[in-house]
Structure formats: C-alpha cells, structure tokens
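> Have a look at this one before I ask anything.
The values are calculated or read from the model by the stated rules, or taken from the named source; none is laboratory data. Predicted, not measured: the structure shown is a model, and the values here were computed from it. Every residue, glycine as well, gets a Cβ built from its backbone with ideal geometry; the counts of neighbours run over all protein chains shown. These area figures cover heavy atoms from the full protein model, side chains too; ligands, DNA and RNA do not enter into them. Shrake-Rupley method; radii C 1.70, N 1.55, O 1.52, S 1.80 Å.
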Amino acid sequence: MTQEDSSRRLTSVGRNDFTHRFADRYKEWLRTTGEETKQEEDRVETNSELPAYDIYGFENEIKSLQHFLLDQKVYKEFKSLVIVGEHGVGKTALCQKIFNDYYVRSVYAPRIWVSMHSNESKQGLDGKICVLKKILKALGVEDSMFESIRREVVEEVSNRREAGEIDGETAKEKELSALLYALHLNLRWKKYMIVFDDVREEDNWNEMLQDGEEKQWGKYLSDGFPKGSGGRVIYTTRDENLAKKLVAEEHEIHRLWPLSDSYSVWKIYEAMILKREKEPPRNDKKCIDELMNKSRGLPLAARLLAELDPVLLDGEKADQNGSNDGQTDSVNNPTSEENKTSKPL
C-alpha cells in the first residue's frame, strides 16, 4: 500500500458520516454547558500559568485590559473590573494572558491568582475564609498564624459568653474580620493585582469592591484591600447579575462575547488539530462556516470539536505532506479552546 493510499484510508470519510459525528460531538458540548449540568461539575481549579494553547481573536480585549492595568492617569487609585461571559468564551485564558504580560509583571507586586474552585469549602469550611487564606499564603503568611488567629477568636468568644456579654458576632465572623485585617496589613503600600477566577453567586461575594459608604470593619471583602497604592482586582464570572453587584459603575464590567471572526475560530481549531499531530481539513469557506456555526464562536467549543479526527471527502487527495490537492469540496472539522484555558478566560 502506498503512502498516498494509506493517507486516504485514514482520512477519507463520507460527508454524511462526518456530519453525524460532528453533530453528536456538538450535542455533547451542549449537554456539558446546559442547565442540566451541576454547577460544581464544570468548575475546575485554574492557575496563573499561560494557557497551553495559542490564543486568537482577543487582541482588542488584551489592549483594553492593558489600559486598565497600566493607565498612568489613575496610577494610585484602586480599581476593580469584572469580566463576564458565558462558559467557554475565554475569560480565564484572557486573564492568564494579561497576568503574565511583561509590562504588567513589571508594575504589580504582588500578583495573586485565586481560583474560586475550592475543595476546602466542600468540607464544611467557610468559603470566604478559605479564599482569604489562599491570598495570605501567597503573601507568605504561614499556617501557624492562621492557627493563632483561630485560637484567639475562639478564646475571646468563650470568655465573653462566660462573662454573660452579648456579642452579635460569631466566631466565624470574628475570624473573617481578623483575616481581612491581616490581608490589609500585608497589602498596605503595595501595588498589588489580584484575580478571582470563576466567581459564582453561591460564593456570597456580592459586595462592591469599590469605596462606598462607611462600613463596619471586617464585614466586606473590600476592607481587606488598601485603596491608596494603585491596587487592581479582577473578577471573572458567568453571572451578569452578580457582575453588577461587584462593581460601583457599569463601565467597570467588561463583557466578553463569543468570537465573531470565523478565521480566528478556525485558527484555534487548526492549532489544536496540529498539536494532536493530525492533518486538518482544508480551510475552505464551507469548513470555516460550518465550524463557526457549530462552535458559536466559543474558543472552548472549537477546541473540543478539534478532538474529532479531521476527515476529507471521498475522492479528495492528500499529498505526501498531508496537504490537500486544491479541489473545492472538503469536510469540516470541529475545534475548541477553553478560556478556562487551562481550564479557563
């Protein structure tokens, strides 16, 4: 069997068969993103590392985030931003990209990435306390300090109860207040940047990050963030209503929409195919349009669809390098890219 015959045997498939496989894969994608899916099942732990795949189509969004983080006119002001968009649109990947930007790294220290996915909270621990401990650990605070705070809080509450004093605050609230104060001290005078990735309503983080009315110390997350040294806080979320609760003004919400550039979606798909050392279908208009239609412009969907082996139509040739011979018909192939990016933008 010649190399050409072998290539055709591996890649030649009828259009109907491919279309069925494509449709099945797309239905599977819809199931994983639909309301039937439990929220925690698609919540994964992310990190600040650059995505393991190339990013296409986010040039304007990257420039916008660079401006938000590097604008000298508001150098010393505290600023917050919420990036909101549906699952798979690329929120995490976008944040990972900007988090590792050379100029951003040269300006912000510390830079802290907080994945809101937490196994600790599933174990009955308070979610807010778990998140604050993550940040403090990233700042160098040791476990012994947390244990000391916990002991002091429990002892104080116990003494007040024995003395018959009425205290509305619970031990958990007092511990939260102490951790917020510790965070404030550790960030004071520093130009910090903190990313909270994949915030959900159930996290109960619905207080504004901006300065507002006088608030009791330790009640709000914003208490932990010093306001005079140019700190920046970025949230990513799928929840539009939650996004509105997290900021003081509408312009502090950055909505990330599915890609409208079909060529960028194709590049995402093609890059994943090549990474798998597979031969992509020819990028004619039919293939590109079909991919755009099935992925809806979602990078994650494009990457997931790329897990299907690329196929060519019967009668279509592939040369020894695996490229097509220039005929007009070809079969589409799926692609995907997760803004979760690594799990995430």
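> Given the criteria over 20 Å from the mean Cα position of the chain (by Cα), surrounded by 12 or more Cβ atoms within 10 Å (Cβ to Cβ) and modelled with pLDDT under 60, does THR11 qualify? Spell out the reasoning first.
Working: over 20 Å from the mean Cα position of the chain (by Cα): yes; surrounded by 12 or more Cβ atoms within 10 Å (Cβ to Cβ): yes; modelled with pLDDT under 60: yes.
Yes, satisfied.
> Does GLY212 meet the test of being over 20 Å from the mean Cα position of the chain (by Cα), part of a loop (DSSP other than H, G, I, E, B) and modelled with pLDDT of 90 or more? Walk me through how you get there before you give the answer.
On the way: over 20 Å from the mean Cα position of the chain (by Cα): yes; part of a loop (DSSP other than H, G, I, E, B): yes; modelled with pLDDT of 90 or more: no.
It is false that GLY212 is over 20 Å from the mean Cα position of the chain (by Cα), part of a loop (DSSP other than H, G, I, E, B) and modelled with pLDDT of 90 or more.
> Report every pair of residues separated by at least 6 positions or lying on different chains whose Cβ atoms are under 8 Å apart, first residue within the range 148-161 and farther than 10 Å from GLU175 by Cα, second in a helix (DSSP H, G or I) and not aromatic (Phe, Trp, Tyr).
Between residues of the range 148-161 that are farther than 10 Å from GLU175 by Cα and residues that are in a helix (DSSP H, G or I) and not aromatic (Phe, Trp, Tyr), the close pairs are GLU156/LYS174; VAL157/ALA171; VAL157/LYS174.
> Further question on the same structure: Tell me, which helices (runs of 4 or more DSSP H) wholly within the range 53-161 include 1 or more residues that are aromatic (Phe, Trp, Tyr) and closer than 30 Å to ALA301 by Cβ? Steps first, please.
Details: elements: 59-70, 91-99, 102-107, 119-122, 127-138.
Of the helices (runs of 4 or more DSSP H) lying wholly inside the range 53-161, those with at least 1 residues that are aromatic (Phe, Trp, Tyr) and closer than 30 Å to ALA301 by Cβ span 59-70, 91-99.
> What number of residues in the range 80-94 are crowded, with 18+ Cβ neighbours inside 10 Å and charged (D, E, K, R)? Working first, answer last.
Of all residues in the range 80-94, those crowded, with 18+ Cβ neighbours inside 10 Å come to 80-85, 87-94.
Within this subset, residues satisfying the condition of being charged (D, E, K, R) are 91.
Matching residues across the range 80-94 total 1.
> Here's a follow-up. Which one is modelled with the highest pLDDT among residues in the range 190-209 that are outside any strand (DSSP E or B) and open to solvent by less than 20 Å² (accessible area, probe 1.4 Å)?
TYR192
> Further, regarding this structure: Consider ILE253 against the criteria (1) open to solvent by less than 10 Å² (accessible area, probe 1.4 Å); (2) at pLDDT 90 or above; (3) touching a strand residue (DSSP E or B) at 6+ places or on another chain (Cβ under 9 Å): it satisfies all of them except one. Which criterion is unmet?
So ILE253 meets the others, but not (1).
> Return only the number of the condition from (1) farther than 30 Å from VAL233 by Cα; (2) open to solvent by 40 Å² or more (accessible area, probe 1.4 Å) that SER260 does not satisfy.
For SER260, the exception is condition (1).
> Give me a count of the residues in the range 228-245 that are farther than 22 Å from ILE135 by Cα and in a loop (DSSP other than H, G, I, E, B).
Total satisfying the criteria: 2.
> Here's something else I'd like to know. Can you work out which of the residues in the range 126-142 that are open to solvent by 30 Å² or more (accessible area, probe 1.4 Å) and under 17 Å from ILE234 (Cβ atoms) is nearest to the chain's Cα centre (by Cα)?
Residue satisfying both the conditions and the ranking: LYS134.
> In addition: Does LEU139 satisfy the criteria of being at pLDDT 90 or above and on the phi < 0 side of the Ramachandran plot? Give the derivation first.
Working: at pLDDT 90 or above: yes; on the phi < 0 side of the Ramachandran plot: yes.
Considered against the rule, which asks whether it is at pLDDT 90 or above and on the phi < 0 side of the Ramachandran plot, LEU139 comes out as yes.
> Against the condition closer than 28 Å to ARG43 by Cα and modelled with pLDDT of 90 or more, how does TYR235 come out, does it pass? Quick ask: steps written out before the conclusion?
Working: closer than 28 Å to ARG43 by Cα: yes; modelled with pLDDT of 90 or more: yes.
Here the answer is yes, as TYR235 does meet what is asked.
> Give LEU246, LEU242, LEU183, LEU187 a once-over and let me know the one that is modelled with pLDDT under 85, of a type in the set (A, V, I, L, M) and buried (at least 18 other Cβ atoms within 10 Å of the Cβ).
Values: LEU242 fails: modelled with pLDDT under 85; LEU183 fails: modelled with pLDDT under 85; LEU187 fails: modelled with pLDDT under 85.
Residue meeting the stated conditions: LEU246.
> Another question about this same structure. Could you grab me the full set of residues in the range 295-323 that are at pLDDT 50 or above and either of a type in the set (Val, Ile, Thr) or buried (at least 23 other Cβ atoms within 10 Å of the Cβ) (or both)? Quick ask: steps written out before the conclusion?
If we filter the range 295-323 for residues that are at pLDDT 50 or above, which is where we start, we get 295-310.
Passing the criteria: SER295, LEU298, PRO299, LEU300, ALA301, ALA302, ARG303, LEU304, LEU305, ALA306, PRO310.
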